[in-house]
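Colleague: Right, I'll just put the structure down here and ask away after.
Derivation of every value follows stated rules applied to the coordinates shown; laboratory data play no part. What you see is a predicted model, and the numbers here were worked out from it, not measured in a lab. Quick reminder, even Gly has a Cβ in these numbers, built from the backbone with ideal geometry, and neighbours come from all protein chains shown.
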Amino acid sequence: MIAPISLIRTRVVHYQNWKLIASEALLAQKRNVQPQVHFYRQVSTDKKVVLGWTEWRGIFNLFLPVGLCLVAVMQWRHYRKSSGETIAKPWEVDCYCKLPLRTLSRCWGWIADTQLPVFLRSPVYTLYSNTFGVNISEALNEDLTSYPSLADFFVRALKDGVRTIDKESCMVSPCDGTVLHFGLIPNDKVEQVKGITYSLKEFLGENQSTKPKNADYKTSLLKNYNGTTLYQCVIYLAPGDYHRFHSPTEWTPNTRRHFSGDLLSVNPSIVKWVPGLFCLNERAVYLGEWKHGFFSYTAVGATNVGTVKVYFDKQLHTNIKRKTMQFKDICLGNSINLKRGDPVGEFRMGSTIVLIFEAPSNFNFSVNAGQHVKMGQSLGCSGKRKYVDSVDKSSTKVKEVK
């Protein structure tokens, strides 16, 4: 049966009305969408806007790991106190190494190198000095506004005469700091602190000695067999200490070995907790000789150490973006002859110096573990009795690199 014409016309009108309504709705949606599309097109083509946005995003991504590290450290300290733990387990060391400490250190290096406005310098450096016990009166330049950045303040030069070199001692302290550990190295294991050791071979790297292959690593390092052995001394530079380091004796470095390892903290509490810490951290090892045979001088990197600078080694670049598992050797030749007190380098924040050297079996240290020493103060000397520190006030003045 065919539908009446009036009914067909009614359905057509309804269809047209619905079509009109749908079209108007689509047009309205298009009007709402087009400004947004136009805006996104404008943002994507406006380089200044894009660069500004990405810059803020970069800063956020830079400081986010810092906050995560702080939270992790706080939780870790709480766990250690509650558990009474003294030595870290392997999984704890692995977790600690996984923290973005290299990013944190690079971030700190960027902050330390940032030039401060003149009006902020005095209050910032005064606050830092009061917090960490910095003696401003020893600085060559006591005008705090003359230091453009925190890094420049860290490596400030000292006045002539505030550090004297002990001429009677055959070994003096290369820096201001706290003696963490010292003593005889009986075998291939070096005592980090009491009860914790690390591998001498892992710390210094492969030895290119021509001595018999069956000789142990310690023996292969010795230059003399006539009653000599290896000794070590570890000195920690706190944030408030003088940040430059010097030569502890007359010696000749001939090889530099750079390990771009981790950047774990070298705070004494961490050194007591993490086994093999010095083998894990980034370090610049300088191998050479002195009057008694083998001599090594190592600057160990750490968390928040912006860079380690060595004056006679312009090729050294520390705190790089990514660490590598291999070390890199540089031959220095025999043209660098250092004397006691000669400037060697500087830390852009506190860190650690490790001395490992060959000396006669009657070598005696004149310091104690935990003692705070000044650059130029006696560390020890060869003799049948314990050396008594005697500083000649008229001794050679400390040479400074301005």
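Colleague: Each label point is 7 Å from the Cα along the Cα-to-Cβ direction; what then is the distance between the points at residue 138 and residue 224, in nm?
Modeller: Reported label-point gap for residue 138 and residue 224 is 3.3 nm.
Colleague: Let me ask another. So how much slack lies between residue 311 and residue 127, counting 0.36 nm per residue of separation and subtracting their Cα-Cα distance, in nm?
Modeller: Value of the extension gain: 63.3 nm.
Colleague: Nearest 0.05, what FRET efficiency do residue 115 and residue 374 give at R0 = 45 Å with Cβ-Cβ as r?
Modeller: Taking R0 as 45 Å, the efficiency between residue 115 and residue 374 is 0.90.
Colleague: Hand me the chymotrypsin sites (Phe, Trp or Tyr not before Pro) from region 123-159 located in a DSSP loop with no more than 15 other Cβ atoms within 10 Å, in residue order please.
Modeller: Qualifying residues, ordered by number: none.
Colleague: Using the Cβ atoms and a cut-off under 14 Å, what net charge is assigned to the surroundings of residue 203, where Lys and Arg are +1 and Asp and Glu are -1?
Modeller: Result for the neighbourhood of residue 203: -1.
Colleague: Sticking with this structure for a sec: Multiply the residue gap between residue 252 and residue 91 by 0.36 nm, knock off their C-alpha separation, and tell me the result in nm, one decimal place.
Modeller: Between residue 252 and residue 91, full extension yields 53.9 nm more.
Colleague: May I ask for the net charge around residue 224, where only other residues with Cβ less than 12 Å from the Cβ of residue 224 are counted and Lys, Arg are +1 while Asp, Glu are -1?
Modeller: Around residue 224, the surrounding residues sum to 0.
Colleague: Another question about this same structure. Three principal axis extents, largest first, for the C-alpha atoms of region 171-382, in Å?
Modeller: Principal-axis extents of region 171-382 (Cα, largest first): 43, 37, 35 Å.
Colleague: Binning at 10 angstrom from zero up to the longest distance, how are the C-alpha pair distances of region 115-234 distributed in percent?
Modeller: Calculated over all Cα pairs of region 115-234, the distribution is 10, 27, 21, 21, 16, 5, 0 percent.
Colleague: Could you compute Rg(Cα) / (2.2 N^0.38 Å) for region 219-329, with N its residue count?
Modeller: 1.13
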